[in-house]
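Structure first, then comments.
The values are calculated or read from the model by the stated rules, or taken from the named source; none is laboratory data. Just so you know, these numbers come straight off a predicted model, no measurement behind them. Every residue, glycine as well, gets a Cβ built from its backbone with ideal geometry; the counts of neighbours run over all protein chains shown. Keep in mind that these areas ignore ligands, DNA and RNA; they rest on the heavy atoms of the full protein, side chains included. Shrake-Rupley method; radii C 1.70, N 1.55, O 1.52, S 1.80 Å.
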Amino acid sequence: IGQNFGNGNPLEVLDAGRNDLTGEIPENVYNASNMVNLVLSSNNFTGQIRSDIFTNLFQLRILALDDNGFSGPVPETLSPLSQLTTLALQENDFVGVISDSICNATVKGNARIQLRSLTIDCEEVTCECCTNCGITARPRPRGS
């Protein structure tokens, strides 16, 4: 993912799944404020998911980070992601608990996030609100 990606780029969909990408998610991805679908599934990304990943990605509907090597806790808040419908985190090395702030996330008062699918490895992460445990089909952006 190039250095010029993000930072005002009008790109709305990035499906970089199954590309053998390695390392951590590049810094510039966190600044792609027009991003609607971000699919980084089935790569070799590692490290922890930064807690500020959601700060600029407020239009995101699909976030697929499944089948990588991410580790540590899942970030505690999805508050800026009022449009998020699908969150795929399974097949990583996450630990801990999916926080109540994710399960009961609200944005600007009582407007609830429309999260319809939350998938994680339930054997490793406690999740009271997950809709799926373990392997599921990879979310696809509309029109593909």
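Rundown of residues vs (1) in contact with a Lys or Arg (Cβ under 9 Å, 6 or more places away or on another chain); (2) acidic (D, E); (3) surrounded by fewer than 17 Cβ atoms within 10 Å (Cβ to Cβ), yes/no style:
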{"residue": "N56", "(1), (2), (3)": "no, no, no"}
{"residue": "A64", "(1), (2), (3)": "yes, no, no"}
{"residue": "D67", "(1), (2), (3)": "yes, yes, no"}
{"residue": "F70", "(1), (2), (3)": "no, no, no"}
{"residue": "Q83", "(1), (2), (3)": "yes, no, yes"}
{"residue": "A88", "(1), (2), (3)": "yes, no, no"}
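Among residues of region 9-27 that are of a type in the set (K, R), none has a Cβ under 8 angstrom from a residue that is modelled with pLDDT of 90 or more and open to solvent by 50 Å² or more (accessible area, probe 1.4 Å) at a sequence gap of 6+ or on a separate chain. The set of residues in region 57-91 that are in contact with a Phe, Trp or Tyr (Cβ under 8 Å, 6 or more places away or on another chain) and modelled with pLDDT under 85 comprises P75, T77, L78, S79, P80, L81, S82, Q83.
Whenever a residue of region 51-69 is under 11 Å from V36 (Cβ atoms), its partners that are open to solvent by 10 Å² or more (accessible area, probe 1.4 Å) and in a loop (DSSP other than H, G, I, E, B), lying with C-beta atoms within less than 6 angstrom and at least six residues away or across chains, give the pairs F58/P80; Q59/V36; Q59/Q83; R61/V36; R61/Q83; R61/T85; I62/P139.
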